[in-house]
Amino acid sequence: AQTVTQSQPEMSVQEAETVTLSCTYDTSESDYYLFWYKQPPSRQMILVIRQEAYKQQNATENRFSVNFQKAAKSFSLKISDSQLGDAAMYFCAYLANDMRFGAGTRLTVKP
Amino acid sequence: GAVVSQHPSRVICKSGTSVKIECRSLDFQATTMFWYRQFPKQSLMLMATSNEGSKATYEQGVEKDKFLINHASLTLSTLTVTSAHPEDSSFYICSAPQTSGWGDTQYFGPGTRLTVL
């Protein structure tokens, strides 16, 4: 079974600073996708960034980037120049046949 | 990006009644949709995979007779909570994968908050 682990229940960052959220996963598959989703208080799941396992290059989306270490099964999210609107729950997710989520990390952004 | 809708967004029902939740992919077809349950301050737990034209696949521990899933078309999946009880109160979310030249991406509905009195 595939499992996704987020070891940081809560993280805090000062506005304009950089924060890294950790995620590890366990799988025997060779072809899969990894995602970071943001869930604000509205509870709508918003896609932040995605990574195909077959790609060695780390995905980036504006202020969001990942550090994908396939051998280590690690997929961390870096948020640069943090903004107040980044405050939310962040879920790491793995997709092969179906999607599995980590427990989530609550990010607080301090003004 | 692709849009997935859910209806209703909130529902309150009496214990023992059945509630139907709809999940629609608005601008793409989805042969597969997924249903999740999320308790307060917890992660999303996959309940079942809805397959168009065939039976749904349920995760271990999920009662298929209680949570009926019907994937009626390539854009609609429904989850019916039968004989609902207060412990079924939760936030239910559906998702649908869209396959593009960049691979699969899951798009999520806005969720349905079910309260069983």
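The values are calculated or read from the model by the stated rules, or taken from the named source; none is laboratory data. All values derive from a computational prediction rather than experimental measurement. Glycine also receives a Cβ, built like all others from the backbone with ideal geometry; neighbour counts cover every protein chain displayed. Keep in mind that these areas ignore ligands, DNA and RNA; they rest on the heavy atoms of the full protein, side chains included. Shrake-Rupley method; radii C 1.70, N 1.55, O 1.52, S 1.80 Å.
See the values below:
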| quantity | calculated |
| --- | --- |
| Matching option when the condition is more than 14 Å from chain A (Cβ to nearest Cβ) and surrounded by 12 or more Cβ atoms within 10 Å (Cβ to Cβ), among B:Val19, B:Val4 | B:Val19 |
| Any hit, the range B:51-62, residues being open to solvent by less than 40 Å² (accessible area, probe 1.4 Å) and touching a residue at least 24 places away in the same chain (Cβ under 8 Å) | no |
| Some residue of the range A:14-22 being buried (at least 17 other Cβ atoms within 10 Å of the Cβ), closer than 23 Å to B:Cys94 by Cα and of a type in the set (S, T, N, Q) | no |
| The one condition in (1) closer than 25 Å to A:Met89 by Cβ; (2) open to solvent by 20 Å² or more (accessible area, probe 1.4 Å) that B:Phe67 fails to fulfil | (2) |
| Only one of B:Phe34, B:Phe28 that is assigned to a strand (DSSP E or B) and either more than 11 Å from every other protein chain (Cβ to nearest Cβ) or modelled with pLDDT under 95 (or both) | B:Phe34 |
| Close pairs (6 angstrom Cβ cut-off, 6 or more residues apart or separate chains): within 9 Å of B:Thr80 (Cα to Cα) in the range B:15-30, in a loop (DSSP other than H, G, I, E, B) anywhere | B:Ser18/B:Thr82; B:Val19/B:Ala84 |
| Residue in the range B:74-97 that is within 14 Å of chain A (Cβ to nearest Cβ), surrounded by fewer than 17 Cβ atoms within 10 Å (Cβ to Cβ) and assigned to a loop (DSSP other than H, G, I, E, B) present | no |
| Selection count where residues are closer than 22 Å to A:Ala16 by Cα and open to solvent by 70 Å² or more (accessible area, probe 1.4 Å), scope the range A:28-45 | 1 |
| Residue that is nearest to A:Arg43 (Cα to Cα), among those in the range B:25-59 that are of a type in the set (A, V, I, L, M) and under 12 Å from the mean Cα position of the chain (by Cα) | B:Leu44 |
| B:Phe39 vs. criteria open to solvent by 30 Å² or more (accessible area, probe 1.4 Å), touching a strand residue (DSSP E or B) at 6+ places or on another chain (Cβ under 8 Å) and in contact (Cβ under 8 Å) with a residue 12 or more places away in the chain | yes |
| Residues that are touching a residue at least 60 places away in the same chain (Cβ under 8 Å) and either loosely packed, with under 14 Cβ neighbours inside 10 Å or under 19 Å from A:Gln44 (Cα atoms) (or both), drawn from the range A:59-79 | none |
| Close pairs from the range B:77-93: first under 27 Å from B:Phe28 (Cβ atoms), partner assigned to a loop (DSSP other than H, G, I, E, B) and of a type in the set (S, T, N, Q), Cβ under 8 Å, at least 6 apart | B:Thr80/B:Ser18; B:Val81/B:Ser18 |
| Leading residue by the ranking (nearest to B:Thr57 (Cα to Cα)) among those in the range A:71-107 that are part of a loop (DSSP other than H, G, I, E, B) and either among the hydroxyl-bearing types (Ser, Thr, Tyr) or more than 14 Å from every other protein chain (Cβ to nearest Cβ) (or both) | A:Lys73 |
| Test set (1) more than 11 Å from chain A (Cβ to nearest Cβ); (2) over 13 Å from the mean Cα position of the chain (by Cα); (3) in a strand (DSSP E or B) - B:Thr105 fails condition number | (1) |
| Check on B:Ser77, under 11 Å from the mean Cα position of the chain (by Cα), among the small types (Gly, Ala, Ser) and modelled with pLDDT of 95 or more | yes |
